[in-house]
Structures are given as structure tokens and as C-alpha cells.
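Heads up, the thing below is written out as C-alpha cells.
The values are calculated or read from the model by the stated rules, or taken from the named source; none is laboratory data. This structure is a prediction, so every number in the text was calculated from the model and none was measured. Neighbour counts are summed over all protein chains in view; Cβ atoms, including those assigned to glycine, are modelled from backbone coordinates with ideal geometry. SASA here: full protein model, heavy atoms, side chains in, ligands and nucleic acids out. Shrake-Rupley method; radii C 1.70, N 1.55, O 1.52, S 1.80 Å.
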Amino acid sequence: MIYRLPPLNALRVFEAAARHLSFKEAASELSITQAAVSHQVKSLEDYLGVELFRRSGRGVQLTEAARAALPRLRDGFDALAAAVEQIRERGEETDLAITAPPVFTARWLMPRLADFSKRNPKIEVRVVGSSKMVDAGALDTAVMAGTFDLRDDASGVEIHLGAGEYPGYRSDRLFGVSMVVVANPELGHSLKTPEDLARHMLLHDDAMDLVAHGNAWQKWLEAAGVAEQVDAAHGPHFSSNILSLEAASQKLGVALALRPLVDADIASGRLCAPFKVELRPQSAYYLVCAEVIADRPAVSAFRKWLLEQAK
């Protein structure tokens, strides 16, 4: 529908003057001159072809036509104000769902998230850990875990460990990773060279195998030059790196981990990295979101903050 309306500014001036029954008070409310009020009212009368005010002593009175139209005009302004407020509230969108690999969430994101909340107190964050955010070997097409509906007030972003190929989505590289051996420091004292792993339990997890696109331990042992001396198939399997790292900290065996995610564990002495050998997969961590919501305020604020933290 095409709306044929007079200038909204003239209508706004008319409503103020009609409410006060005074051009002077309308001018004061709108921070304009009394002459400007008279000019706007005259232009509106000329547009409508109807007289709106009659002089009455020092003030003005509404004509019958103006008095009849004023309630509906006020309803229109109320509806317009409500619509603008709704747009403003949407502009101050406060719901943001973040889906990320469990180990990234626990070891890297959570220690920093308080800073984001402090800077953006109006944004309500919901964090979901999902192993689906680890793209198989950084080679397969990524599976986007979320569904998006433009009618939904909430926004969702995902953190992927993969190759960065996400057609139809905006992606920002956060940082690359390297795969290292970690162990409880008490156990780590007995690990002088990679060959010593033959005397210890190797802890396997599905996430590391996905990143390595195969048996992660086999790949690491090959890089260390000890694949013939150490059985890469031996040891228990876990569904996520969080579990294998916890098992390693409890001295159940030796695990593979991604740096920089375990840097804090190593710095605190909870874990140690006994060898300098690092396996560098193709994968990196990426912030991924649908293009159609990439510029939403909550998404934009989180993106800006996350890229700053990733530096």
C-alpha cells in the first residue's frame, strides 16, 4: 500500500500545538520558534485545504475538522512510537547462542567470557558444547548445527575447528592449533623421549582423530619418528578431548591435546607437555554465522570481542 501523507514534521507540530492550544508552548516543547510553528501549521492547512486553528484571544482553538482528526492522529503517533521502540529493542537484541567444541568452550572460551559479559551486560549468552563443531579432518563439508529463522529474535553463532570452507556463511579465522602430548606432571617425569610412550597407556579421543583425519596417535608417533616402537592402537577411547584430558590429569595415561587450548593447564602445572614434537593439522578455529545475521548488534559485538581475544 502506498501511503499519501503530508510531511510528518508538520503533523508533529500540529499535534503539539493542538495538545497545548498554544503555538508558543508547542514551540517550547519542540525547541523551535513560534514562527516556525505557524509556518508548519500553515503548510499543513494548505496541503489539506482545511483550516485547523482559529485565533481566540491570546490562544488558539481547534476547528471542528481538527478536533475530529486529532484522536486518530494521536493513535497514529502512538503506533509509530511503538513501532520505533520495537525496532530499537531489536537493535539492542540481547539473546546470543554460541555453539562450540566442548574443549574450546571449557579451556579457551569460558575463562574469557566474563570479560564479554562485563563489556556487554545487556547480551544474554547461551553456550552449547557440541562435537559437531569439529569438522572431520578439516576436509569434509561442515555440518551447521543450528537452524536460522529471520523471524526469531535470537541470534546464533558457531565456533568450528575446520578448514574454513563454509559456503553461504561468514567465517573469521581465530587461530591455528598444534597437537601435543600431555600428561600429569608426576607421570611426565618418566617421559624423557617419545620412545618412553611404549610403557604408558595412550588415551584416544574422537575429536583428535577427526582433526587428524585418522588415528591421531599414529600421526603424532610418525611425526616423532617412533611409530615402530609404540603401539598407536593401544589404550581406551573417549568421546571428547575434555574427557581424555581429564583422564590424563588423573594419571590414567597420556593424551593428545591442542595448543593453545591447554596452555593454561600447562602453565598451572595441572598438565605438562614432555616433548617438543608438535603435529600441525590443517585445521584452525573459525567463528561462523549466517550472512543474514552477521551484522546484528549482538553478533557484531561478539565477533569484535572474539577477534580481539584471538589476537
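Mind checking which residues of region 16-39 are charged (D, E, K, R) and under 20 Å from LEU73 (Cα atoms)?
ARG19, GLU25, GLU29
I'm trying to understand the selection: among the residues of region 150-200, which are charged (D, E, K, R) and either part of a strand (DSSP E or B) or touching a His at 6+ places or on another chain (Cβ under 7 Å) (or both)?
Matches in region 150-200: GLU158, ARG170, ASP172, ARG173.
Would region 281-300 turn up any residue that is within 20 Å of THR193 (Cα to Cα) and surrounded by fewer than 21 Cβ atoms within 10 Å (Cβ to Cβ)? Quick ask: steps written out before the conclusion?
Within region 281-300, the subset within 20 Å of THR193 (Cα to Cα) is none.
For region 281-300, residues within 20 Å of THR193 (Cα to Cα) and surrounded by fewer than 21 Cβ atoms within 10 Å (Cβ to Cβ): absent.
Only one of these is surrounded by fewer than 18 Cβ atoms within 10 Å (Cβ to Cβ) and either in contact (Cβ under 8 Å) with a residue 60 or more places away in the chain or closer than 27 Å to SER155 by Cα (or both): GLN250, GLN218, GLN229. Name it.
It is GLN250.
Could you count how many residues in region 39-68 are outside any helix (DSSP H, G or I), open to solvent by 20 Å² or more (accessible area, probe 1.4 Å) and among the hydroxyl-bearing types (Ser, Thr, Tyr)?
Residues in region 39-68 being outside any helix (DSSP H, G or I), open to solvent by 20 Å² or more (accessible area, probe 1.4 Å) and among the hydroxyl-bearing types (Ser, Thr, Tyr): 1 in total.
Out of the residues in region 1-24 that are within 47 Å of the chain's Cα centre (by Cα) and free of Cβ contacts under 8 Å to residues at least 12 places away in the same chain, state the one that is most open to solvent (accessible area, probe 1.4 Å).
The selected residue is ARG4.
Being touching a Leu at 6+ places or on another chain (Cβ under 6 Å), surrounded by fewer than 20 Cβ atoms within 10 Å (Cβ to Cβ) and part of a helix (DSSP H, G or I) is the filter here; which residues of region 232-247 pass it?
none
Per-residue answers, yes or no, for (1) in a helix (DSSP H, G or I); (2) open to solvent by less than 90 Å² (accessible area, probe 1.4 Å); (3) at pLDDT 55 or above; (4) among the basic types (Lys, Arg):
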residue	(1), (2), (3), (4)
ALA79	yes, yes, yes, no
ILE87	yes, no, yes, no
THR99	no, yes, yes, no
ARG112	yes, yes, yes, yes
ALA145	no, yes, no, no
